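The values are calculated or read from the model by the stated rules, or taken from the named source; none is laboratory data. Everything numeric in this text was worked out from a predicted model, so none of it was measured. Reconstructed Cβ throughout: ideal geometry from the backbone, glycine too, with neighbour counts over all protein chains shown. Areas reflect the complete protein model, heavy atoms only, side chains present, ligands, DNA and RNA absent. Shrake-Rupley method; radii C 1.70, N 1.55, O 1.52, S 1.80 Å.
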Amino acid sequence: VPMEALVAATVKTAQGKDRTVWRPVADGKVLPAGPSWPKAPDISAEVPLMLGTTATEMSMLMGTPRPETFDLDEDGMRQQLSRWFGPAQLDEVIAAFRKKTPNATPGRLYFDISTAVVFRRGAWRHCDLKAAQGKAPVYLYEIDWVTPVDGGKWGSPHSMEHPFVFDNVALSASI
């Protein structure tokens, strides 16, 4: 398949109701299990792990193909988040995130909460399983620094932390 066709198909499916997600598929043969499910792999038990997330991973991943997500109102945010939470749980989650960032817009809260669901929960689980092996150090980070690009609109988007983690900030003036 030509790369252009693959990218076009990816963009189309990413914008559909049932979004496609790029991730390894554990088929039991070529890839016997996931990187951290059902348990941390024995093959890398003695290899240190550094893993982390940014505060708003989803701002770039959802905001780029759907710029209107930045301008969600309260009802729109609740509708989007209802994919993951029932009504009672949704109120509790929104209240917890509002307490952390009381002046956040509904769009920003959506990015914060969806990041916790899609990225942070898995990162924490991965690190917990690795740490339970007790054979190598585990380092978990969270980057909350807000890039000034576009007046801070993007928060701390997906992959924004790489220059900080790998000490390449001087080479990354665009962030």
Is it true that some residue in the stretch 126-140 is over 19 Å from Ala45 (Cβ atoms) and within 19 Å of the chain's Cα centre (by Cα)?
-> no
Please enumerate the residues belonging to the stretch 79-94 that are open to solvent by less than 60 Å² (accessible area, probe 1.4 Å) and in a helix (DSSP H, G or I).
-> Gln80, Leu81, Leu90, Val93, Ile94
Being at pLDDT 80 or above, loosely packed, with under 12 Cβ neighbours inside 10 Å and not in a loop (DSSP other than H, G, I, E, B) is the filter here, so list the residues in the stretch 7-49 that pass it.
-> Ala8, Asp42, Ile43
Test for Arg120: is it within 14 Å of the chain's Cα centre (by Cα) and either outside any loop (DSSP other than H, G, I, E, B) or exposed (fewer than 11 other Cβ atoms within 10 Å of the Cβ) (or both) = yes
Residue tally, condition of a type in the set (Lys, Arg), closer than 22 Å to Val146 by Cβ and in contact with a helix residue (DSSP H, G or I) (Cβ under 8 Å, 6 or more places away or on another chain), over the stretch 63-99 | 1
Residues located in the stretch 144-174, provided they are open to solvent by 40 Å² or more (accessible area, probe 1.4 Å), outside any helix (DSSP H, G or I) and over 30 Å from Pro38 (Cα atoms) = Trp145, Val146, Pro148, Lys153, Trp154, Asp167, Asn168, Ala173, Ser174
If we keep only residues of the stretch 129-143 that are in a loop (DSSP other than H, G, I, E, B) and in contact (Cβ under 8 Å) with a residue 24 or more places away in the chain, then the residue most open to solvent (accessible area, probe 1.4 Å) is Lys135
Just give me the residues in the stretch 95-115 being open to solvent by less than 40 Å² (accessible area, probe 1.4 Å) and not hydrophobic (A, V, I, L, M, F, W, C), in sequence order.
-> Pro106, Gly107, Tyr110, Asp112, Ser114, Thr115
